[in-house]
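Student: Dumping the structure here so I can ask a few things about it.
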Amino acid sequence: MRVAVVGGGMAGLAAAHELASSGAEVVVLEGSDRLGGKLRLEKVGGLTLDVGAESILARRPEGIDLIRAVGLGDKMVHPQTTTAAIWTHGALRPMPPTVMGIPADPAALAASGIAELADPRILPVPTEDVSVAEFVTERLGRDVLDRLVEPLLGGVYAGLTDHLSLRATTPQIAALGEDLLTAAAAARAAATASGPVFAGLVGGVGQLPAAVASTPGIEVRLDSTVRALARTSDGWRVSVGPTTDVEVIDVDTVVVAAPAPAAARLLAEEVPEAAFALAAIDYASMAIITFVFDDAVVPEGSGFLVPPVDGTFIKAATVASNKWGWVGESGRTVIRTSVGRAGETTLLQHDDADLAGRALTDLRRAYGTLPDPTDRLVRRWGGGLPQYDVGHLDRVDTIDRALAAAPGLEVCGAAYRGVGIPAVIASGRAAARRLTAAGTMDA
């Protein structure tokens with residue numbers, strides 16, 4: 001059985017791994033010159049570092065399972081510190097215990113000086129989808145939303161809580177029920193006893209794509225843009241390459257693991273209802289700016305988040321040399337900063353030197369004196385993060401129903417039910433398993 005996987009990010013690679021492990025012959029068609037999507041390693045100041053995603057949620061099994069399956073289990077590590085701060089009201093303040101920004105210890109919140117907790121209101125969870133902002137503000141006040149929930153979601157989605165769907169982005173908050181504070185305290189206590197939250201790899205999680213792609217049965221073709229998909233009498237025809245020299249590949253099944261705009265174009269002829277829903281998914285752009293210092297002293301802790309209401313340029317900073325032992329062993333100080341939120345359409349139009357200079361200015365305001373960096377690297381992620389706006393899960397249901405009428409065709413990726421590495425891997429594996437369960441993998 002021959003399968004084409006369109007897209008070589010982690011969702012497509014996870015689908016390819018699952019299919020190849022089931023005996024399929026898989027060709028991964030990636031339009032760019034590299035695999036891995038938002039996982040990427042680059043040299044900065046002589047160090048090889050993650051310049052995209054740098055950690056994996058360890059409390060979901062999919063990422064850990066795939067790491068072990070491709071032979072990287074012995075490199076898996078957990079952060080040395082997860083103690084984070086909020087940079088607000090002119091100071092770095094210790095982040096109190098929360099569940100996605102919902103305070104789990106009101107006394108610790110008060111002591112931190114981060115936000116004022118309004119008189120809590122105990123209200124039913126709405127049956128319809130609402131924005132995160134509407135749900136939280138009505139129950140705990142705008143200050144908790146602006147200075148705790150918003151910066152946390154800004155780091156994950158680069159989105160704004162006034163638009164983000166409660167059920168798609170923060171089901172943990174919806175699951176707290178009517179009494180948010182009481183339930184958050186109980187949930188936080190239970191989570192503390194359940195082991196490490198995050199994991200990484202010595203040498204960077206950017207090693208994972210190549211390890212997955214080396215699975216027997218997977219052929220990778222880079223610089224292979226897929227132009228069209230068409231149903232045939234016994235499978236699918238995939239048109240690949242430049243318009244002046246299109247190559248046709250006939251396969252039995254197809255997994256489209258491209259971002260929503262590209263997936264919408266590919267599905268427009270054969271599954272127009274799914275294409276229409278995919279076209280409604282917006283994306284936000286952002287950038288990671290990595291600095292390497294030879295002699296910099298920063299406070300302990302993994303870094304800090306910044307509430308958008310404080311008007312800073314950066315939205316977060318991670319001290320990678322504190323967080324990861326293998327980075328700290330270099331003897332250098334490595335700080336990653338992130339910039340860019342939904343709606344900030346002009347921010348990333350600045351050149352690299354300007355982006356890095358403005359980010360360094362914010363770091364010096366937050367940490368005090370910092371020397372000039374030995375090196376820095378700006379990695380832009382244009383259209384990198386899908387926006388799960390209110391009603392997102394209804395769109396995904398529409399896509400699923402439409403694809404049910406197109407046997408042998410599946411979709412997966414960050415545009416559907418989660419943007420984190422484990423969620424994206426789960427999406428790819430589920431797409432592969434649907435093909436298997438439908439009998440399309442039979443020889």
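Student: Just to confirm my filter: which strands (runs of 3 or more DSSP E) fall fully inside the range 1-58 and include at least 3 residues that are under 18 Å from THR215 (Cβ atoms) and either in the same structural domain as ALA264 (by TED's automatic domain parsing) or hydrophobic (A, V, I, L, M, F, W, C) (or both)? Please lay out each step first, then the result.
Tutor: Numbers: elements: 2-6, 25-29, 41-44, 47-50.
The strands (runs of 3 or more DSSP E) meeting that bar are 2-6, 25-29.
Student: Let me ask something else about it. Among the residues of the range 357-407, write down those that are of a type in the set (Val, Ile, Thr) and over 27 Å from the mean Cα position of the chain (by Cα). Full working, then the answer.
Tutor: Let us first name the residues in the range 357-407 that are of a type in the set (Val, Ile, Thr), namely 361, 369, 374, 378, 390, 396, 398-399.
THR369, THR374, listed by residue number.
Student: Here is a follow-up. Please verify whether the range 74-83 includes one or more residues that are within 30 Å of VAL327 (Cα to Cα), touching a Pro at 6+ places or on another chain (Cβ under 6 Å) and not assigned by TED's automatic domain parsing to the domain that holds ASP362. Before the answer, list the steps.
Tutor: Quick first cut of the range 74-83, residues within 30 Å of VAL327 (Cα to Cα) only: 74-83.
If we keep only those that are touching a Pro at 6+ places or on another chain (Cβ under 6 Å) too, we end up with 78.
Next cut, not assigned by TED's automatic domain parsing to the domain that holds ASP362 only: 78.
The answer is yes, given that some residue of the range 74-83 is within 30 Å of VAL327 (Cα to Cα), touching a Pro at 6+ places or on another chain (Cβ under 6 Å) and not assigned by TED's automatic domain parsing to the domain that holds ASP362.
Student: Scan (1) touching a strand residue (DSSP E or B) at 6+ places or on another chain (Cβ under 9 Å); (2) closer than 17 Å to GLY195 by Cα; (3) among the hydrophobic types (A, V, I, L, M, F, W, C) for the single condition VAL99 breaks and write down its number.
Tutor: Failing condition for VAL99: (1).
Student: Here is a list: ALA431, ALA415, ALA405, ALA426. Which entry is more than 22 Å from ALA228 (Cα to Cα) and either among the acidic types (Asp, Glu) or not assigned by TED's automatic domain parsing to the domain that holds GLY154 (or both)? Outline the logic, then answer.
Tutor: Numbers: ALA431 fails: more than 22 Å from ALA228 (Cα to Cα); ALA415 fails: more than 22 Å from ALA228 (Cα to Cα); ALA405 fails: more than 22 Å from ALA228 (Cα to Cα).
Within the list ALA431, ALA415, ALA405, ALA426, the selection yields ALA426.
Student: Something else: Select from the range 61-89 the residues that are of a type outside the set (Gly, Ala, Ser), over 19 Å from the mean Cα position of the chain (by Cα) and within 29 Å of LEU145 (Cβ to Cβ) and list them in ascending order.
Tutor: THR81, THR83, ILE86, TRP87, THR88, HIS89
Student: Those residues that are within 27 Å of the chain's Cα centre (by Cα) and surrounded by 14 or more Cβ atoms within 10 Å (Cβ to Cβ), I need them from the range 116-133; list them, please.
Tutor: VAL125, ASP129, VAL130, SER131, VAL132, ALA133, listed by residue number.
Student: Is it the case, given these coordinates, that ALA426 is of a type in the set (A, V, I, L, M), crowded, with 17+ Cβ neighbours inside 10 Å and more than 30 Å from THR345 (Cα to Cα)?
Tutor: Numbers: of a type in the set (A, V, I, L, M): yes; crowded, with 17+ Cβ neighbours inside 10 Å: yes; more than 30 Å from THR345 (Cα to Cα): yes.
Taking the combined requirement at face value, the residue satisfies it.
Student: Of all the residues that make up the range 168-188, how many are surrounded by fewer than 22 Cβ atoms within 10 Å (Cβ to Cβ), closer than 12 Å to SER131 by Cα and within 19 Å of the chain's Cα centre (by Cα)?
Tutor: 1
Student: For the range 45-53, indicate whether the set of residues that are surrounded by fewer than 18 Cβ atoms within 10 Å (Cβ to Cβ) and either polar (S, T, N, Q) or farther than 20 Å from TYR283 by Cβ (or both) is non-empty.
Tutor: Yes, the range 45-53 contains at least one residue that is surrounded by fewer than 18 Cβ atoms within 10 Å (Cβ to Cβ) and either polar (S, T, N, Q) or farther than 20 Å from TYR283 by Cβ (or both).
Student: Does VAL149 satisfy the condition of being under 26 Å from LYS323 (Cβ atoms), surrounded by fewer than 22 Cβ atoms within 10 Å (Cβ to Cβ) and either touching a helix residue (DSSP H, G or I) at 6+ places or on another chain (Cβ under 7 Å) or among the β-branched types (Val, Ile, Thr) (or both)? Even if it seems obvious, please write down each step before you answer.
Tutor: Values: under 26 Å from LYS323 (Cβ atoms): yes; surrounded by fewer than 22 Cβ atoms within 10 Å (Cβ to Cβ): no; either touching a helix residue (DSSP H, G or I) at 6+ places or on another chain (Cβ under 7 Å) or among the β-branched types (Val, Ile, Thr) (or both): yes.
No: the conditions fail for VAL149.
Student: Has the range 70-86 got any residue that is surrounded by 15 or more Cβ atoms within 10 Å (Cβ to Cβ) and touching a His at 6+ places or on another chain (Cβ under 8 Å)?
Tutor: Yes, the range 70-86 contains at least one residue that is surrounded by 15 or more Cβ atoms within 10 Å (Cβ to Cβ) and touching a His at 6+ places or on another chain (Cβ under 8 Å).
Student: Please determine, by comparing only the residues of the range 189-220 that are assigned to a loop (DSSP other than H, G, I, E, B) and at pLDDT 95 or above, which one is surrounded by the most Cβ atoms within 10 Å (Cβ to Cβ).
Tutor: Just the residues of the range 189-220 that are assigned to a loop (DSSP other than H, G, I, E, B), to begin with: 193-197, 202-204, 214-217.
Among the residues that remain, those that are also at pLDDT 95 or above are: 202-204, 214-217.
Numbers: VAL202: 15, GLY203: 16, GLY204: 25, SER214: 12, THR215: 17, PRO216: 6, GLY217: 15.
This residue is GLY204.
Student: Would you say SER22 is among the polar types (S, T, N, Q) and under 20 Å from the mean Cα position of the chain (by Cα)? Even if it seems obvious, please write down each step before you answer.
Tutor: Values: among the polar types (S, T, N, Q): yes; under 20 Å from the mean Cα position of the chain (by Cα): no.
Considered against the rule, which asks whether it is among the polar types (S, T, N, Q) and under 20 Å from the mean Cα position of the chain (by Cα), SER22 comes out as no.
Student: Oh, and also: Quickly run through the range 298-315 and pick out the residues that are farther than 23 Å from VAL202 by Cβ and of a type outside the set (Phe, Trp, Tyr). Step through it out loud before you land on a result.
Tutor: Taking the range 298-315 first, the residues farther than 23 Å from VAL202 by Cβ are 299, 304-315.
If the condition is that a residue be farther than 23 Å from VAL202 by Cβ and of a type outside the set (Phe, Trp, Tyr), then PRO299, LEU305, VAL306, PRO307, PRO308, VAL309, ASP310, GLY311, THR312, ILE314, LYS315 are the ones that fit.
Student: Another one. Can you go through ASP129, ASP162, ASP223 and tell me which one is in contact with a Ser or Thr (Cβ under 9 Å, 6 or more places away or on another chain), in the same structural domain as GLY12 (by TED's automatic domain parsing) and assigned to a loop (DSSP other than H, G, I, E, B)?
Tutor: Result: ASP223 is the single residue among ASP129, ASP162, ASP223 that is in contact with a Ser or Thr (Cβ under 9 Å, 6 or more places away or on another chain), in the same structural domain as GLY12 (by TED's automatic domain parsing) and assigned to a loop (DSSP other than H, G, I, E, B).
Student: Now for a different question. Return the pairs, sorted by first residue and then second, in which the second residue is surrounded by 12 or more Cβ atoms within 10 Å (Cβ to Cβ) and of a type in the set (Asp, Glu), the first residue lies in the range 232-258 and is without any contact (Cβ under 8 Å) to a residue 60 or more places away in the chain, the beta carbons are less than 9 Å apart, and the residues are 6+ apart or on different chains.
Tutor: These pairs meet every condition: THR232/ASP250; ASP234/ASP250; ASP234/ASP252; ARG237/ASP250; SER239/GLU247; GLY241/ASP223; GLY241/GLU247.
Student: Taking the options ALA53, ALA24, ALA20, ALA15, name whichever one is touching a residue at least 40 places away in the same chain (Cβ under 8 Å) and out of contact with any Lys or Arg (no Cβ under 8 Å at 6 or more places or on another chain). Write out each step before concluding.
Tutor: On the way: ALA53 fails: out of contact with any Lys or Arg (no Cβ under 8 Å at 6 or more places or on another chain); ALA24 fails: out of contact with any Lys or Arg (no Cβ under 8 Å at 6 or more places or on another chain); ALA15 fails: out of contact with any Lys or Arg (no Cβ under 8 Å at 6 or more places or on another chain).
Unique residue meeting the criteria: ALA20.
Student: For the range 75-114, give me the residue count where each residue is assigned to a loop (DSSP other than H, G, I, E, B), farther than 20 Å from THR170 by Cα and among the small types (Gly, Ala, Ser). I'd like the intermediate steps shown before the answer.
Tutor: So the first thing to find is which residues in the range 75-114 are assigned to a loop (DSSP other than H, G, I, E, B), and the list is 78-83, 89-90, 95-97, 100-101, 104-105, 113-114.
Next, from what is left, pick out any that are farther than 20 Å from THR170 by Cα: 78-83, 89-90, 113-114.
Filter again for among the small types (Gly, Ala, Ser), leaving 90, 113.
Summing the residues that are assigned to a loop (DSSP other than H, G, I, E, B), farther than 20 Å from THR170 by Cα and among the small types (Gly, Ala, Ser) in the range 75-114 gives 2.
The values are calculated or read from the model by the stated rules, or taken from the named source; none is laboratory data. This one's a predicted model, so the numbers in the text were calculated from it and none came from an experiment. Counting neighbours? That spans all protein chains shown, and the Cβs are built from the backbone with ideal geometry, glycine included.
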